[in-house]
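So the structure is just underneath, and the comments pick up after that.
The values are calculated or read from the model by the stated rules, or taken from the named source; none is laboratory data. On a predicted model such as this, the values are computed, not experimentally measured, just so you know. Cβ atoms come from the backbone with ideal geometry, glycine included; neighbour counts cover every protein chain shown.
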Amino acid sequence: MSGVTIVSGNPRLEAAFVELFGRSGPVRRIWSNQWRDPVEVAMDACAADPELVVTGADVGLEMAELVVPEIDRLFPSVTVLCLMPRLDVATSLLLLRLGARDVLFEGGTRDEFRDAVQPVLDLARSRHQRRDRSVGVVRRRVITVVSPKGGSGKTTVAVNLAVGLARRAPKQVLLVDLDVQFGDCAAALGLRPEYSLVEAVDAVNNDRSALKVFLAGHPSGLGVLAPPEDLVAADDIVQDQIKRTMAAFAEEFPFLVVDTAGGVDRFALAAMEQSTDLLIISTTDVPSIRAVRRQLNVLDEVGFTTQRRTFVLNRANAKVGLSVAEIEAAVGLQATFQIPSTRLIPVSTNEGIPVIERRDGGSLARRFDLIAEYFFPTPDADDRRQRRRGARRRGRR
Ligand SMILES: Nc1ncnc2c1ncn2[C@@H]1O[C@H](COP(=O)(O)OP(=O)(O)OP(=O)(O)O)[C@@H](O)[C@H]1O
Ligand SMILES: [Mg+2]
C-alpha cells in the first residue's frame, strides 16, 4: 500500500486530492473524535503505509504541532505536508522544524494548489521508495508491558507478543526482560541465555559493535536480552544506563518488547520513557483494577502521557461479579484485548513453548497473534481491520 492519507474532517479536501492526484495512487481520508493522543493519530495516519500524510487546515496548529513530530519519529519514511488556513513565517518554520516537509495554504485556485502540492508528492514518493527494504513496512515501536501487580500475566503477554512480532519480522524484534530480580522470559521461551543485561550495559559504554552478542536467539527469529543471574550486579545498574542500553538496541531493532516487574521500579520508568506504547495488563479482581487506575494516575502525574496505552484484560472470563464494561469504566480504558483463564497458559510457561507457537494453541494462539497484528499490521491485516470496522459500524446503525 502507498498513496496519500489526508488527516481532515473535510471531504472537499479529499475530493480535490482524488481529482488532482488520484490517478497516481490511492487517496484516503481519516478523521476521528476519539483520538486520545498524537501517537494514536500518527499511527492511524500511517496505518496504510502512505507515501504522504497531509494534515488539513482543520487539524489546527496545536494538534499539528504534536502529530508531526510523532510521524517523523515513528514513521521516518513518510513525508508530512501541513495545510494551513493562512500562512505565516513563524508557523511554517515551527512545523518544518518539527519534521513537516512543507507547509502550504489550503485555499487558492485548483492549478495553484496542484502546482504547490505536486513537488512535495514527487519527493515523498522517491523518499518512500528509498527506504530500507529489509525492514519492509515495519513501524518502529518500543512496547513496554506493565502492571501494578505481580502475577497478572505480563510475561505471558510479552513473550507471546514478541514471538508473534518476530514471526512477522524475523531478526527485527528484541524482547528485553527488565524484571531484573525474577525475570523468566527466557525460561518461558525454553532458552538458557549465556549473557545478560550487565554485559550489554558494559558494551554500550565500551564497544557497541558487539551488542548483539549478548542476546539469546529464539528459533522464531526473536532476540532476548535476559536479566542478570547475579542480583548484586543488577543492583548496580542505574536508570541512565538502562536508557542508553535501550536506545542503543532500538537503533538495531525496529521492535522492542519490554517485560517489567510488577509496579513501577527504576527499570520500568527508564523503559516507559523510551516507549511508544504501554501495554497495560490487569486481571479482573477489584484490587488489581484499582491498582491499574492508580498507576495510570501516577503516569499522568509524572508526564508519561504521549505513549499510546493499550489495555489487556487477563483471565477475562473469571466470574468475579464485574462486567468487562464496569472494569473498563473503572480503569478508564477500553479492553482492546481479553485473554481467558486457561490451563494452556501455565502448561506452556512450564514447557517453555509460548502458546502462539503451540499446535494446540487454537483460539488462544489467535488472540495473541491479534495483539502482534495490532502492533505490526500487515497490509492484508489492514484490509481485514477496515472490513471489521465497517461491519461494526454497520452493526451499530
Ligand atoms: N490467562 C491465564 N490463565 C491461566 N494462567 C495464567 C493466565 N495468565 C497468566 N497465567 C499464569 O499465572 C502466572 C503468572 O503469569 P505471568 O508470569 O505471565 O505474570 P507476570 O505478571 O509476569 O508475573 P510477575 O509479576 O511475577 O512477573 C504464570 O504461572 C502463568 O502461567
Ligand atoms: Mg513476569
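So the values come out like this:
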| item | result |
| --- | --- |
| Region 340-359, residues that are of a type in the set (A, V, I, L, M, F, W, C) and either within 16 Å of ligand 2 (Cβ to nearest atom) or under 16 Å from residue 317 (Cβ atoms) (or both) | 344, 345, 355 |
| From the options 112, 194, 106, residue that is of a type in the set (D, E, K, R) and free of Cβ contacts under 8 Å to residues at least 12 places away in the same chain | 112 |
| Residue check, residue 16 in contact (Cβ under 8 Å) with a residue 24 or more places away in the chain, over 21 Å from the mean Cα position of the chain (by Cα), more than 30 Å from residue 247 (Cα to Cα) and in a helix (DSSP H, G or I) | yes |
| Boolean, residue 303 is away from ligand 2 (no atom under 16 Å from the Cβ), within 20 Å of the chain's Cα centre (by Cα) and modelled with pLDDT under 95 | yes |
| Hits in region 342-359 (condition: more than 17 Å from residue 162 (Cα to Cα) and at pLDDT 95 or above) | 342, 343, 344, 346, 347, 350, 351 |
| Selection count, region 171-213, where residues are away from ligand 2 (no atom under 11 Å from the Cβ), small (Gly, Ala, Ser), over 15 Å from residue 233 (Cβ atoms) and buried (at least 16 other Cβ atoms within 10 Å of the Cβ) | 1 |
| Residue within region 174-195 that is in contact with a helix residue (DSSP H, G or I) (Cβ under 9 Å, 6 or more places away or on another chain), among the polar types (S, T, N, Q) and within 16 Å of ligand 1 (Cβ to nearest atom) present | yes |
| In region 226-262, residue nearest to the chain's Cα centre (by Cα) [restricted to those that are within 16 Å of ligand 1 (Cβ to nearest atom) and either closer than 20 Å to residue 356 by Cα or surrounded by fewer than 14 Cβ atoms within 10 Å (Cβ to Cβ) (or both)] | 257 |
| Meets criteria (away from ligand 1 (no atom under 16 Å from the Cβ), small (Gly, Ala, Ser) and within 21 Å of residue 366 (Cα to Cα)) for residue 221 | yes |
| Residues located in region 151-170, provided they are more than 8 Å from ligand 1 (Cβ to nearest atom) and either more than 24 Å from residue 285 (Cα to Cα) or surrounded by fewer than 23 Cβ atoms within 10 Å (Cβ to Cβ) (or both) | 162, 163, 164, 165, 166, 167, 168, 169, 170 |
| Leading residue by the ranking (modelled with the lowest pLDDT) among those in region 159-203 that are among the small types (Gly, Ala, Ser) and not in a helix (DSSP H, G or I) | 169 |
| Extreme residue, nearest to residue 118 (Cα to Cα), among residues of region 74-101 that are among the charged types (D, E, K, R) and touching a residue at least 12 places away in the same chain (Cβ under 8 Å) | 101 |
| The listed residue being of a type in the set (Asp, Glu), assigned by TED's automatic domain parsing to the domain that holds residue 145 and within 18 Å of residue 374 (Cα to Cα), out of 285, 277, 265, 300 | 277 |
| Test: residue in region 342-360 that is assigned to a loop (DSSP other than H, G, I, E, B), of a type in the set (A, V, I, L, M, F, W, C) and over 28 Å from residue 71 (Cβ atoms) | yes |
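Each row is one residue, and each column tells you yes or no for (1) away from ligand 2 (no atom under 16 Å from the Cβ); (2) in contact with a strand residue (DSSP E or B) (Cβ under 9 Å, 6 or more places away or on another chain).
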{"residue": "254", "(1), (2)": "yes, yes"}
{"residue": "261", "(1), (2)": "no, no"}
{"residue": "264", "(1), (2)": "no, yes"}
{"residue": "269", "(1), (2)": "yes, no"}
{"residue": "276", "(1), (2)": "yes, yes"}
{"residue": "287", "(1), (2)": "yes, no"}
{"residue": "293", "(1), (2)": "yes, no"}
{"residue": "298", "(1), (2)": "yes, no"}
